[in-house]
Amino acid sequence: MDAGMDLLHSSGVELVQYLQLNYRDSQSWFTFISIAADLRNTFFVFFPIWFHLCEAVGIKLIWVAVIGDWLNLIFKWFLFGHRPYWWVHETKLYGNSSLPTLQQFPLTCETGPGSPSGHAMGSAGVWYVMVTAFLTFGLQKKRTRTTFPSSRCLHIVLWTVFCMIQVCVCTSRVFLAAHFPHQVFTGVLSGMVVAEVFGRINAIYNASFKRYLQITLFLFSFALGFYLLLKVLGIDLLWSLEKAQRWCARAEWVHINTTPFAGLVRNMGALFGLGLALNSPIYAESCKGKRGQQFSFRISCIVASLIVLHVFDSVKPPTQSEFLFYFLSFCKSATVPLAAAAFVPFCVSQLLNRQDTKKL
């Protein structure tokens, strides 16, 4: 088993070296892809756009992103996957021979275990939801105006775009020495499975705030309980943090926001905030009334939400205290869907109502 994993890891290291040697001029492109594939963009960009274009798709995006990333954390804690940038220093495979040289970048030093890739899993799940949403819309149009060849062409184009995006994300993560090839591959497959499963669960669209609260508490309690249980048994699930701190080329590249619990509290905050928003009276008043059916209102909400969330995202929680950082990260994540789905539509609605009153 160990020999097989060593062979898999060494082959992955060779691919990392090949990419870094032959595509060194593409560093900025690979860095951009990794940043774009971060789940942060699902909450701050994709969700406000889709929620006001098609509410069900926006809700599904949050659920797929949150549950997918939670499962990714649990998988990582079970699989104990290494990352290339520290594995080359820890393995005994190379013996007395010179170790492979892997270049590191500011995005390389992720602190959690490596398998499966969270970027690949999140990107695959989110884009799977968006592609299937486009296809559903295309099929609806097909019943009225389009023909079968155009529908088939739409499928080919969208799934080709999906595959190209996933290839770019996977290549980016391998180039940065943050993941081995098999880790990004399993990440993509896992993300697609999560998205497909949630495409069949209709209960998420009309869940009460109580149900949102129960699920949020269950997910957090399960992860924390699992961590504490293994801690008592002498297994530290944060073992990878020490390796990141030891083998990262620069100490400032090791960020607290890449730790397993940082991702956990962000996701729980987003789910909690979505439940609070969808069950709030101001959401019902602004988005469920006649105003919510107007296309101009929806576009205004999209633009306003993107601006507000961009400004809000520039505010970073302090990192001096871990507990304070986690608490403020939870609050910040909860505010994102609350602002995009409730506060911003309510303010836009009130502004438009005043303008209509003045015209009268």
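Quick look at the values:
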{"quantity": "Region 223-306: Rg to Rh, with Rh as the Kirkwood radius over Cα pairs", "calculated": "1.25"}
{"quantity": "Helix-derived mean residue ellipticity, 222 nm - over the chain, DSSP H n ≥ 4, -39500 (n - 2.57), to 500", "calculated": "-23500 deg cm²/dmol"}
{"quantity": "With eigenvalues of the C-alpha gyration tensor scaled by 5 and rooted, region 32-77, Å", "calculated": "21, 15, 5"}
{"quantity": "Radius of gyration and maximum dimension Dmax of region 257-349, Cα, Å", "calculated": "14.8, 47"}
{"quantity": "Top positive-direction residue, dipole computed over the chain with Cβ charges, set 120, 105, 56", "calculated": "56"}
{"quantity": "All-pairs Cα distance distribution in region 220-271, expressed in whole percent, bin size 10 Å", "calculated": "22, 43, 30, 5"}
{"quantity": "Cα point-scatterer Debye curve for the chain, base-10 log of I(q)/I(0) at q = 0.09, 0.11 Å⁻¹", "calculated": "-0.55, -0.81"}
{"quantity": "Burial ranking of peptide ranges 232-243, 124-135, 49-60 (average Cβ count within 10 Å, highest at the top)", "calculated": "124-135, 49-60, 232-243"}
{"quantity": "DSSP H segments from the chain that extend 18 Å or more along their own axis, Cα-based, with Kyte-Doolittle mean of 1.6 or above", "calculated": "295-313"}
{"quantity": "For region 178-258, Kirkwood radius (reciprocal of mean inverse C-alpha pair distance, Å)", "calculated": "16.5"}
{"quantity": "Calculated P(r) tail over 20 Å for region 125-271, as whole % of Cα pairs", "calculated": "68"}
{"quantity": "Peptide ranges 63-74, 153-164 listed from the most packed, as the mean C-beta count within 10 angstrom indicates", "calculated": "63-74, 153-164"}
{"quantity": "Segments 298-310, 10-22, 314-326 sorted - mean Cβ within 10 Å per residue, highest first", "calculated": "298-310, 10-22, 314-326"}
{"quantity": "Descending semi-axes in whole angstrom, ellipsoid equivalent of region 6-130, from the Cα gyration tensor", "calculated": "33, 17, 10"}
{"quantity": "Normalised contact order of the chain, rounded percent, pairs of Cα under 8 Å and 6 or more residues apart", "calculated": "24"}
{"quantity": "P(r) of region 76-130 over all Cα-Cα pairs, binned every 5 Å from zero, in whole percent", "calculated": "4, 16, 19, 20, 17, 13, 6, 4, 2, 1"}
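Taken together, the values in this text are just the output of simple stated rules run on the coordinates, not laboratory data. Nothing here was measured: the structure is a model prediction, and the numbers come from that model. When we count neighbours, we look across all protein chains shown, and the Cβ atoms used for this are built from the backbone with ideal geometry, even at glycine.
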